[in-house]
Amino acid sequence: MTIASSRSIPGLAALALLSLFAASAAHAGSQCTTQPRTAWQDADKFQAELKSQGYQIGKFKITSGQCYEIYGRDKTGKKVEIYFDPVSGQIVKQESR
Amino acid sequence: MSAARMPLAIRLFHGGLAVGFIGAWALESPWRAAHEWLGYAAAALVLWRLGYALSRADDWGWRALLKPPQAVWRYAAQALRGRAPQALGYNPLAAWNILAMLTLVLLIAASGFALTTDRFWGDEAMQAAHALLVDAMTGLLGLHLLGVGVGSMRSRHFLPRTLWSGERAPH
């Protein structure tokens, strides 16, 4: 394979770029709501409510995907990372270990 | 084994590392368990590669990977003038690009593991470090592909073909 196949380099590069875009689309974090901040639950009350349900909150964040996110432990003591819809308070995504 | 061939083990290693890194990257959000295991698998492959380099005294050994800085500068200067010598093995820039990527894979896996521990669960500095290392890796990967592209043009051989045929070309 010589000169002719060096023409396929732009094609391969395009393919690589395309897969990078596809991957970065998959890479974007969860989107939890599109509602304005005024419609969101109060962050402090929201955390207090979670604590009353037995969660321990180590870190609380507002993500770029408009989620309330906590790192902490659930009531069984398991480490959890949970994304919540800040309007409804519903769990959007949960990781645990 | 002919000196002109890339060992099957290296080709499988390359494929596995590519799948491990790209897979882990793509699955970070949708499938966390796979993300973690692909990352650890990539690190294991790198450890294997570093050990394999110890067992070889040819183009796949440490001598071929650890080029003295003077050789790197000289090669870079020659390359800029379009006069870099062509050879079968890693050129000095490629050797450092590869060593840096191998190191980054280990650091990415180590920081990723740290993020699963009690100490760093949700730790923003460690998350930032993990992400920064991945960005650096992606940049080096871009340079790797650029080098393969330039080498392919210069040598008029489609260098990635070596990955499935095993046949090398001076580049």
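Where a number appears in this text, it was derived from the coordinates with a stated rule and is not lab data. None of the values given here were measured: they were computed from a predicted structure. When we count neighbours, we look across all protein chains shown, and the Cβ atoms used for this are built from the backbone with ideal geometry, even at glycine.
As a length-normalised measure over Cα pairs under 8 Å and 6 or more apart, the relative contact order of chain B settles at 25 percent. Each Lys and Arg Cβ is given +1 and each Asp and Glu Cβ -1; about its Cα centre, segment A:31-96 then shows a dipole of about 200 debye.
Let me check I've understood the local charge: for A:GLN41, count other residues with C-beta under 13 angstrom from its C-beta, Lys and Arg +1, Asp and Glu -1. What total comes out?
Working: positive: A:ARG37, A:LYS45; negative: A:ASP42, A:ASP44, A:GLU49, A:ASP85.
Net of charged neighbours comes to -2.
Sorting A:ASP44, A:ASP74, A:ASP85 on the 10 Å Cβ count, fewest up front, what's the list?
Details: A:ASP44 9, A:ASP74 16, A:ASP85 19.
Least to most surrounded, the residues fall as A:ASP44, A:ASP74, A:ASP85.
Counting beta carbons within 10 Å around each of A:TYR68, B:TYR90 and listing the fewest first gives the order B:TYR90, A:TYR68.
Against chain B, whose longest principal axis is taken from its Cα atoms, helix B:69-80 shows a tilt of about 70°.
Given R0 = 45 Å, the distance between the Cβ atoms of B:ALA100 and A:GLN94 translates into a calculated FRET efficiency of 0.80.
Using the 10 angstrom Cβ neighbour count as an exposure proxy, how do A:TRP40, B:TRP31, B:TRP73, B:TRP25 rank, fewest first? Could the numbers behind the result be given before it?
Details: A:TRP40 18, B:TRP31 15, B:TRP73 11, B:TRP25 21.
In order of increasing Cβ crowding within 10 Å: B:TRP73, B:TRP31, A:TRP40, B:TRP25.
Would you tally the net charge around A:ILE57, using a Cβ to Cβ cut-off of less than 10 Å, leaving A:ILE57 out, and scoring K and R as +1, D and E as -1? That sum, taken over residues with Cβ under 10 Å, equals +3. Ignoring lysines fewer than eight residues from A:LYS61 along the same chain, the ones with Cα atoms less than 30 angstrom from its Cα are A:LYS45, A:LYS51, A:LYS75, A:LYS78, A:LYS79, A:LYS93.
Give the calculated FRET efficiency between B:LEU143 and B:LEU47 to the nearest 0.05, with a Förster radius of 35 Å applied to their Cβ-Cβ distance. Mind dumping the intermediate values first?
Details: r = 23 Å, r/R0 = 0.66.
My answer for the efficiency is 0.90.
For the peptides B:153-161, B:136-144, B:49-57, the ranking by mean Cβ contacts within 10 Å, running from highest to lowest, is B:153-161, B:136-144, B:49-57.
Could you compute the net charge surrounding B:ALA169? Neighbours are other residues with a C-beta less than 12 Å from the C-beta of B:ALA169; K and R count +1, D and E count -1. Present the calculation step by step, with values, prior to reporting the outcome.
Numbers: positive: B:ARG5, B:ARG154, B:ARG156, B:ARG161, B:ARG168; negative: B:GLU167.
Value of the local net charge: +4.
Placing pseudo-labels 7 Å out from each Cα toward the beta carbon at B:ALA34 and B:ARG56 gives an inter-label distance of 3.0 nm.
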